[in-house]
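Student: Could you have a look at this structure, given as structure tokens, before my questions?
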Amino acid sequence: MALPVSPRGTPFRVIIYGPHNMSEVTFYFDFSSPYGYLAAERIEAFEARTGVTVNWYPFMIGAAFKQTGQSPLLDQPIRGDYFRHDMERCAKMQNTPFCIPEKFPYAALVPTRAYYWIASTKPALAIKFAKDVYRGYFADGLDMSDPEVVFATATRHSINAGEIRAAVENPKWKQHVREVTDEAIARGAFGSPFFFYEDEAFFGNDRLEHLERWIKLRKQIDD
């Protein structure tokens, strides 16, 4: 399959990390995930503190839910009320604008396909696009299930509207999203955000601190 490229300009590779691959973190997320949004807002500072490169991989969390029997957090009895409060609390703690959109969750096929199409030629721009999609949805309450809203988000970055419309309907990018999603699940990603560093997995926005400490520990051992 045609792979997008990392912020460094090198091809993305979905691989099992080993002891000699200490400079990269894989970040799996779904565009409808509130905790994925909160994590995305922290990635740049995380990279600066740790010296690693975070490679962004949106995937379709609904496929993982089907395999694990999960349901969206806010639909779960008792737990839903807790997580609604926790999302808002976490956003306040990290000073990130946040609202629960009227249409939540949604199947984020269009922004996910668009992301990989953009990343195939302009990886840094793809990350900016991803952040804007997240902010539009969780900060501004925009309906990102509407393809036209996604396209408008892209055109703010001088991306041609006609080209991105064609890209999200292109079988190549539809298949690419399926393959990335399958690979994420095969590696053990069952939610969003989900991080891999070497052979270690970390689930959740609140595990970024654990991941940072683990990276620093591993680098100390390697030195």
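Student: For segment 56-76: of the residues being among the hydroxyl-bearing types (Ser, Thr, Tyr) and over 15 Å from the mean Cα position of the chain (by Cα), which is modelled with the lowest pLDDT?
Tutor: Result: Ser71.
Student: Give Thr53, Thr112 a once-over and let me know the one that is surrounded by fewer than 19 Cβ atoms within 10 Å (Cβ to Cβ), among the hydroxyl-bearing types (Ser, Thr, Tyr), touching a strand residue (DSSP E or B) at 6+ places or on another chain (Cβ under 7 Å) and modelled with pLDDT of 95 or more.
Tutor: Thr53
Student: Find all pairs meeting these conditions: Cβ atoms under 6 angstrom apart; at least six residues apart or on different chains; first residue within segment 154-174 and at pLDDT below 95; second residue among the aromatic types (Phe, Trp, Tyr).
Tutor: Hits for this filter: Ala161/Phe151.
Student: What residue, of Asp143, Asp132, is acidic (Asp, Glu) and within 19 Å of Pro193 (Cα to Cα)?
Tutor: Asp132
Student: Hey, among Ala201, Ala189, which residue is without any contact (Cβ under 8 Å) to a residue 60 or more places away in the chain and among the hydrophobic types (A, V, I, L, M, F, W, C)?
Tutor: Ala201
Student: Which condition breaks for Gly80 when tested against (1) assigned to a helix (DSSP H, G or I); (2) of a type in the set (Gly, Ala, Ser); (3) within 19 Å of Phe29 (Cβ to Cβ)?
Tutor: (3)
Student: Still on this structure, please answer the following. So is Asp143 modelled with pLDDT of 95 or more, charged (D, E, K, R), surrounded by 14 or more Cβ atoms within 10 Å (Cβ to Cβ) and farther than 29 Å from Thr53 by Cβ or not?
Tutor: yes
The values are calculated or read from the model by the stated rules, or taken from the named source; none is laboratory data. Source: prediction; values computed, not measured. Note that each Cβ is placed from the backbone with ideal geometry, even for glycine, and that neighbours are counted across all protein chains shown.
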